[in-house]
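Here is the structure we will look at, set down as structure tokens.
Read the figures in this text as sums done on the coordinates, not as results from a lab. None of these values were measured; they are calculated from a predicted model. Neighbour counts are summed over all protein chains in view; Cβ atoms, including those assigned to glycine, are modelled from backbone coordinates with ideal geometry.
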Amino acid sequence: MRHAYTALLLTCAATAASAQGRPDSTTMTCAQARATVLRAGGIVLGTGGPTYDRYVRDRNFCAPTEVTRAGFVPTRDAPRCFVGYTCFEPGVGDWFGDY
């Protein structure tokens, strides 16, 4: 019986952890969304509905071959709030400053 109880507790804990989801920028103010990215360094942030992206504090949170571009999200108080950067792999035709 003790093993069944332990298995039940572990299942409940795993379900609760998976139900937490990602932070959603549309429920935060611009300052809160920016602070969330700054605090985490790199985080997947929901941007309304099923859309999301990964935002980083600086290039240190990107892969070595990636560069950053400004990341803007909708928030509760601003339709376009700068929260940090997104990482991307530049292509052959990309020139510095074009992104």
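Here the contact order of the stretch 22-99, divided by its residue count and restricted to Cα pairs under 8 Å and six or more residues apart, works out to 31 percent.
Report the paramagnetic label zone for Thr26: residues of the stretch 67-81 whose backbone N is under 20 Å from a point 7 Å from Cα along the Cα-to-Cβ axis. Flagged as within label range: 71-81.
Could you tell me which of rounded, prolate or oblate describes the stretch 22-99, using a ≥ b ≥ c as the square roots of the eigenvalues of the alpha-carbon gyration tensor, with rounded for a/c under 1.5 and, failing that, prolate when a/b is larger than b/c and oblate otherwise?
Numbers: a/c = 2.15, a/b = 1.80, b/c = 1.20.
Verdict is prolate for the stretch 22-99.
What is the gain in length, in nm to one decimal, between Val92 and Thr51 on full extension, counting 0.36 nm per residue of separation less the C-alpha to C-alpha distance? Write out the running numbers ahead of the final one.
Details: separation 41, 0.36 × 41 = 14.76 nm, distance 2.78 nm.
Stretched fully, the Val92-Thr51 segment lengthens by 12.0 nm.
For Tyr52, the shell of other residues with beta-carbons less than 14 Å away shows a net charge of 0, using +1 for Lys and Arg and -1 for Asp and Glu. Computed from backbone phi, the HN-Hα couplings of the stretch 27-39 come to 9, 10, 7, 4, 5, 5, 5, 4, 5, 4, 5, 4, 5 Hz, rounded to whole numbers (Karplus: 6.51 cos²θ - 1.76 cosθ + 1.60, θ = phi - 60°; Gly and Pro given as x).
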